[in-house]
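Enquirer: What follows is a single structure, and I will ask about it in a moment.
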Amino acid sequence: MAATRWFFEAGHTAAEFSARHMMITCVRGQFKNVQGRLEVDPDNPEGAKAEATIDATQVYTGQPERDAHLRSADFFDAEHHPTWTYASSRIQRVGPNEFEVTGDLTIRGTTRPVTFEVTYLGQWDTPWWEDGRDLGPRRRAGFLARARINRHDFGVSWNDKLDRGGVVVSDLVDVTVDVEAVRES
């Protein structure tokens, strides 16, 4: 079978992160409008290619002051590095609908290999609305990707010590990407 091409539907795709805060709880944030593409042959999913771009200037945690601090040079340095990218380099099937997707993640201009545990959630034909008209059906597919990264690997190293020991922000950050991909016509 020939490879099919897909694009991430921005309104239904998001990247989220979670880091321990003050040693006792987690702070969560998200990025909407994640752009991405997939190229996959259903008969050979291990040969697929995936790429994604995140707009780091659009971080949202629910607190404007924290969002501004995350965009600053202390964390994302979004003024100088407004986008993050990921490009797959190897895909390995590890279960009926589970894959390990390894690729290059670039944050703050630093690129490191990162492996995401990806679950394929299925496909469905759905309506496709443009300018008030249903141009569907269009095929959609869902994926859930998870990874744990060390933020220091990407130069995201701001921290402060707590009076009774410990630090404000954990080194390890859990990343989840929820993708709804639409097959190109």
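The values are calculated or read from the model by the stated rules, or taken from the named source; none is laboratory data. Only a predicted model underlies this, so the values are computations on that prediction, with no experimental measurement involved. Every residue, glycine among them, receives a Cβ derived from its backbone with ideal geometry; neighbour counts consider all protein chains shown. Calculation scope for accessible area: heavy atoms of the full protein, side chains included, ligands and nucleic acids excluded. Shrake-Rupley method; radii C 1.70, N 1.55, O 1.52, S 1.80 Å.
Enquirer: Just to make sure I understand: if all protein chains stay in place, what is the order of Asp41, Asp67, Asp131 by accessible area at 1.4 Å, largest first? Write down the numbers at each step before the final one.
Expert: On the way: Asp41 40, Asp67 10, Asp131 155 Å².
Solvent-accessible surface, decreasing: Asp131, Asp41, Asp67.
Enquirer: Counting only helical runs of four or more DSSP H residues, what would the 222 nm mean residue ellipticity of the chain come to if each run contributes -39,500 (n - 2.57) and the total is spread over all its residues? List each step's numbers first, then the result.
Expert: Details: 1 runs with 8 residues, N = 185.
So the calculated ellipticity at 222 nm is -1000 deg cm²/dmol.
Enquirer: Moving on. Rounded to the nearest 0.05, what FRET efficiency do Gln123 and Thr57 give with R0 = 41 Å and r taken as the Cβ-Cβ distance? Could you check?
Expert: E between Gln123 and Thr57, to the nearest 0.05, is 0.80.
Enquirer: Can you give the accessible area of Arg146 in Å² (nearest 10), computed on protein heavy atoms with a 1.4 Å probe?
Expert: Arg146 exposes around 130 Å² with every protein chain in place.
Enquirer: Please state, to two decimals, what the Cα-based radius of gyration of the stretch 67-162 comes to when divided by 2.2 N^0.38 Å (N = residues).
Expert: The stretch 67-162 yields a ratio of 1.47.
Enquirer: Also, quick follow-up: Before I look further, what does the stretch 66-185 give for accessible area per residue, probe 1.4 Å, in whole square angstrom?
Expert: Details: 7110 Å² over 120 residues.
I get 59 Å² per residue for the stretch 66-185.
Enquirer: Moving on. Using a 1.4 angstrom probe on heavy atoms only, work out the carbon and sulfur share of the accessible area of the chain in %.
Expert: Numbers: 5440 of 10940 Å².
For the chain, the apolar C and S fraction of the accessible surface comes to 50 percent.
Enquirer: Shifting gears a bit: How big, in percent, is the set of alpha carbon pairs in the stretch 1-82 lying more than 21 Å apart? Show your work: numbers first, answer last.
Expert: Working: 1478 of 3321 pairs.
Counting pairs separated by more than 21 Å, the tail of P(r) holds 45 percent.
Enquirer: Ranked from the most accessible area to the least, with a 1.4 Å probe and all protein chains present, what is the order of Tyr86, Tyr60? Show your work: numbers first, answer last.
Expert: Working: Tyr86 30, Tyr60 130 Å².
Per-residue accessible area, sorted high to low, gives Tyr60, Tyr86.
Enquirer: As a test of the definition: which semi-axes, in Å, follow for the chain when you take the square root of five times each eigenvalue of its alpha carbon gyration tensor? Largest first, please.
Expert: Working: eigenvalues 210, 72, 41 Å².
Result for the chain: semi-axes of 32, 19, 14 Å.
Enquirer: Whole-Hz Karplus ³J(HN,Hα) for the stretch 176-185, in order, using 6.51 cos²θ - 1.76 cosθ + 1.60 and θ = phi - 60°, x for Gly and Pro?
Expert: Rounded to whole hertz, the list is 10, 10, 9, 10, 10, 9, 10, 5, 5, 5.
Enquirer: Not counting ligands, DNA or RNA, and with a 1.4 Å probe, what is Ser157's accessible surface area in Å² rounded to the nearest 10?
Expert: Roughly 60 Å² of Ser157 is accessible to a 1.4 Å probe.
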